[in-house]
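K.L.:
Have a look at this one before I ask anything.
The values are calculated or read from the model by the stated rules, or taken from the named source; none is laboratory data. Note that this is a predicted model, so its numbers are computed, not measured. All Cβ positions, glycine included, derive from the backbone under ideal geometry; neighbour counts span all protein chains shown.
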Amino acid sequence: MKICIAQTKSEKGKVQENIQNHLRIVENAIKSNSELIIFPELSITNYEPDLAKKLATDIENSIFNPFQELSDNNEITIGIGIPTNSTDGVNISMLIFQPNEKRVVYSKQMLHSDELPYFVCGNAQVILSIKGKKIAIGICYETLQREHFLNANKKGADIYIASVAKPKGGIEKAYKHFPKIAREFKTPILMSNCVGNCDNFIGVGQSAVWNKNGKLIEHLDSENQGILIYDTEIELVKIDQTKIEKGQLFDLEKLFQIYINGKIDLENNGIYQWTDNYPTISIIENDLKKDVLYTLKSNEKIIGAINISEEQEAEYELIKWEFDNSKVLVIHRLVIDPKHQKKGYAQKLMDFAENFAKENNYSSIRLDAYSQNVRVIEFYKKRNYIIRGNVNFPEREYPFHCMEKDIITAYNMRI
């Protein structure tokens with residue numbers, strides 16, 4: 001069987017936003033024929049004890065129906081992290097969705113002392129049976145307690161999965177503890193950790209798989225979302241991890257080829273948005289020299305790019321913008337290599353740009369989109385970009401829509 005371990009960056013308390021991110025990751029796991037995917041501790045709310053009571057829910061909440069539908073339609077078991085209500089208080093739980101079965105909740109049985117003011121302990125171990133394998137789940141602190149593993153082992157666990165939210169120190173302990181336990185009990189151990197801000201610490205990822213001999217087969221990095229897919233039969237791990245970073249001059253040729261690929265793909269679909277004079281290799285080179293071009297990499301291979309700056313086209317002066325006297329961020333030249341399109345990568349670049357705008361106190365984002373590129377215009381409209389007017393650029397038969405998004409209101413609504 002194939003088990004997928006997800007490494008996620010969740011936003012504090014933004015349940016719907018995190019659910020959408022989870023669903024995209026589950027879709028990726030499905031494409032890799034995974035039969036089980038496990039997310040980090042409290043992944044739907046982020047690890048935020050102060051918010052747990054407010055955000056605690058129950059397993060039948062309809063907001064989780066999309067997970068059940070994906071499970072039913074694709075024969076995949078899904079485990080997501082969420083605080084749940086119990087008769088004694090709030091549990092740190094994992095909601096488990098199994099194909100065409102009743103939902104299951106596993107609640108953390110052993111709490112760290114820091115968690116006691118906010119949570120109560122669960123009282124039962126869950127063992128999943130998938131394709132003849134018995135799989136035990138543990139949540140963070142308890143996974144480093146020998147007693148918890150022994151209990152799972154007594155129940156016949158063939159594989160042990162740790163769903164955690166750990167900072168640097170916690171990961172260092174895990175990387176010492178899990179290989180020893182795996183080797184001693186001849187049991188593969190998989191760990192799903194988060195990245196980014198959590199409560200009073202930074203999650204450092206490094207989600208990993210150790211085989212039954214305690215050998216580290218593969219791991220993710222410490223900063224980016226991604227998935228590990230472990231094949232239990234051949235004991236191999238496939239990595240699918242993307243990251244966004246500033247482009248480098250030595251990548252110029254690769255980047256320009258992606259823009260050429262994008263231009264050809266557009267023209268094959270009857271969209272003459274880019275010309276022989278735009279974008280040119282000198283334009284891309286200038287973007288790189290100015291440090292305004294960011295690249296999207298999948299497993300270290302560049303698959304897309306986006307220009308994020310304050311530079312506006314002269315034609316923008318003709319538009320009646322709503323945020324005309326404020327700090328404005330502008331997006332240019334978003335591209336995804338055609339062979340990697342329709343996988344949510346454009347969403348990742350736009351999420352990055354909008355987070356950049358929020359973190360750097362921009363009031364709005366502006367961009368332009370070719371009026372004949374209907375799919376792209378709908379893409380921006382769904383992200384709440386509003387058409388403010390039209391402009392014309394040389395060598396194009398049709399105008400471009402100038403679009404704008406209110407970043408301040410958008411992020412206040414998501415808090």
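K.L.:
Just to verify a result, which residue in the range 256-282, among those that are free of Cβ contacts under 8 Å to residues at least 60 places away in the same chain, over 18 Å from Y398 (Cβ atoms) and not β-branched (V, I, T), is surrounded by the fewest Cβ atoms within 10 Å (Cβ to Cβ)?
P.N.:
S282
K.L.:
Sort through D114, D72 and tell me the only one that's out of contact with any strand residue (DSSP E or B) (no Cβ under 9 Å at 6 or more places or on another chain), more than 27 Å from R383 (Cα to Cα), outside any strand (DSSP E or B) and not β-branched (V, I, T).
P.N.:
Criteria check complete, one pass: D114.
K.L.:
While we're here: Listed residues D231, D265; which is modelled with pLDDT of 95 or more and closer than 30 Å to I130 by Cα?
P.N.:
Of D231, D265, the one residue that is modelled with pLDDT of 95 or more and closer than 30 Å to I130 by Cα is D231.
K.L.:
Cβ contacts < 6 Å: first residue without any contact (Cβ under 8 Å) to a residue 40 or more places away in the chain, restricted to the range 241-252; second residue surrounded by fewer than 19 Cβ atoms within 10 Å (Cβ to Cβ) and part of a helix (DSSP H, G or I), any location; separation 6+ or different chain. Result?
P.N.:
Every condition considered, the pairs that remain are L252/E285.
K.L.:
Among (1) at pLDDT below 95; (2) closer than 25 Å to E11 by Cα, which single condition is T143 missing?
P.N.:
Unmet condition: (1).
K.L.:
If you don't mind, another one. Just give me the residues in the range 176-221 being outside any strand (DSSP E or B), within 23 Å of the chain's Cα centre (by Cα) and under 17 Å from C140 (Cα atoms), in sequence order.
P.N.:
Selection gives N193, C194, D199, N200, G205, Q206, S207.
K.L.:
I'm trying to understand the selection: among the residues of the range 48-76, which are over 17 Å from C198 (Cα atoms) and in contact with a Phe, Trp or Tyr (Cβ under 7 Å, 6 or more places away or on another chain)?
P.N.:
Matches in the range 48-76: F67, Q68, S71.
K.L.:
Kindly provide the set of residues from the range 149-173 that are under 22 Å from K134 (Cβ atoms) and surrounded by 16 or more Cβ atoms within 10 Å (Cβ to Cβ), ordered by number.
P.N.:
Those that are under 22 Å from K134 (Cβ atoms) and surrounded by 16 or more Cβ atoms within 10 Å (Cβ to Cβ): F149, N151, A152, N153, A157, D158, I159, Y160, I161, A162, S163, V164.
K.L.:
From A182, A174, A165, A208, grab the single residue that is modelled with pLDDT of 95 or more, touching a Cys at 6+ places or on another chain (Cβ under 7 Å) and assigned by TED's automatic domain parsing to the domain that holds F149. Before the answer, list the steps.
P.N.:
Details: A182 fails: touching a Cys at 6+ places or on another chain (Cβ under 7 Å); A174 fails: touching a Cys at 6+ places or on another chain (Cβ under 7 Å); A208 fails: touching a Cys at 6+ places or on another chain (Cβ under 7 Å).
None of the others qualify; the one that does is A165.
K.L.:
From the list A157, A165, which residue is touching a Lys or Arg at 6+ places or on another chain (Cβ under 6 Å) and of a type outside the set (V, I, T)?
P.N.:
A157
K.L.:
Then there is this: Condition test on Y370, is it free of Cβ contacts under 8 Å to residues at least 60 places away in the same chain, buried (at least 17 other Cβ atoms within 10 Å of the Cβ) and over 29 Å from F250 (Cα atoms)?
P.N.:
no
K.L.:
If you don't mind, another one. Just to be sure, is F379 at pLDDT 95 or above, surrounded by fewer than 17 Cβ atoms within 10 Å (Cβ to Cβ) and not basic (K, R)?
P.N.:
yes
K.L.:
Here are K108, K102, K2: which of them is charged (D, E, K, R) and surrounded by 24 or more Cβ atoms within 10 Å (Cβ to Cβ)?
P.N.:
K108
K.L.:
Could you list, ordered by first residue, the pairs with Cβ atoms under 8 Å in which the first is in the range 398-410 and without any contact (Cβ under 8 Å) to a residue 40 or more places away in the chain and the second is in a loop (DSSP other than H, G, I, E, B) and of a type in the set (K, R), at least 6 apart or interchain?
P.N.:
No pair meets every condition.
K.L.:
Quick one: in the range 302-325, which of the residues that are exposed (fewer than 14 other Cβ atoms within 10 Å of the Cβ) and touching a residue at least 24 places away in the same chain (Cβ under 8 Å) is nearest to K289 (Cα to Cα)?
P.N.:
Selected residue: L318.
K.L.:
Kindly indicate whether Y345 is within 18 Å of D265 (Cα to Cα) and aromatic (F, W, Y).
P.N.:
The answer is yes for Y345.
K.L.:
Within the range 355-365, can one find any residue that is part of a loop (DSSP other than H, G, I, E, B) and over 24 Å from the mean Cα position of the chain (by Cα)?
P.N.:
Yes: one or more hits.
K.L.:
Can you pull out every residue in the range 335-385 that is among the aliphatic types (A, V, I, L, M) and either assigned by TED's automatic domain parsing to the domain that holds A29 or more than 15 Å from L296 (Cβ to Cβ) (or both)?
P.N.:
Passing the criteria: A357, I365, L367, A369, V374, V376, I377.
K.L.:
Which one of A52, A29 is part of a helix (DSSP H, G or I), surrounded by 24 or more Cβ atoms within 10 Å (Cβ to Cβ), of a type in the set (G, A, S) and in the same structural domain as V164 (by TED's automatic domain parsing)? Before you say what the answer is, go through the steps one by one.
P.N.:
Numbers: A52 fails: surrounded by 24 or more Cβ atoms within 10 Å (Cβ to Cβ).
Every option except A29 fails the conditions.
K.L.:
For the range 130-137, check the following and say yes or no: at least one residue is part of a loop (DSSP other than H, G, I, E, B), free of Cβ contacts under 8 Å to residues at least 60 places away in the same chain and surrounded by 14 or more Cβ atoms within 10 Å (Cβ to Cβ).
P.N.:
no
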